[in-house]
Structures are given as C-alpha cells and as structure tokens.
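The values are calculated or read from the model by the stated rules, or taken from the named source; none is laboratory data. Predicted model, so just to flag it, every value in this text is computed and none were measured. Positions of Cβ are generated from backbone atoms using ideal geometry, with glycine treated the same way; all protein chains shown enter the neighbour counts.
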Amino acid sequence: MPRHLVLTIALVALIPAAALAQTPGRTAIRNACAADFQKHCPGIQPGGGRLAACFKEKQAAFSADCVATLQIARSQRRSN
C-alpha cells in the first residue's frame, strides 16, 4: 500500500467519521500533518490508537499548522 495512502487512512482514523463533515477535510489534515507524522512517528502502524498516542507524546514537535488543524477538528467533534 502506498505510504501516502496509509498516512491518510491513519490521520483520518484520529477523527470519528461522523465528525468529518464538520471538521477540516481529510485533504487539509493530510496537508497539515503528513510530514509531521512521517518525521516524528516513523514506522508507527495505524490502528489501535498508536498514531494518536505518538501525536500526544510528541505534540510539541509537530508544526503549528498540524496542531491547530487537529485541535479544530477535535473541538468541532466535541461540540457535536
């Protein structure tokens, strides 16, 4: 499976499907975060919350754009 596809699936898994329509789009999340996940969480396999755990542990190292995009997605999900 192409690496970009795996990352896209993994990033989208961080946000429940029901919230996707009201959150930053998959493309926006991928554009904001793919490089950060490749750099800071290399080799982490999607599923089981592993990418979310890596993000939580290394959030300070992620770009401001990625963090903001994921925070918007999280806050919109919580308000639903």
Any idea which of Thr69, Thr23 is buried (at least 16 other Cβ atoms within 10 Å of the Cβ), at pLDDT below 65, in contact with a helix residue (DSSP H, G or I) (Cβ under 9 Å, 6 or more places away or on another chain) and not aliphatic (A, V, I, L, M)? Thr23
Sole miss for Lys39 among (1) within 9 Å of the chain's Cα centre (by Cα); (2) at pLDDT 90 or above is condition (1)
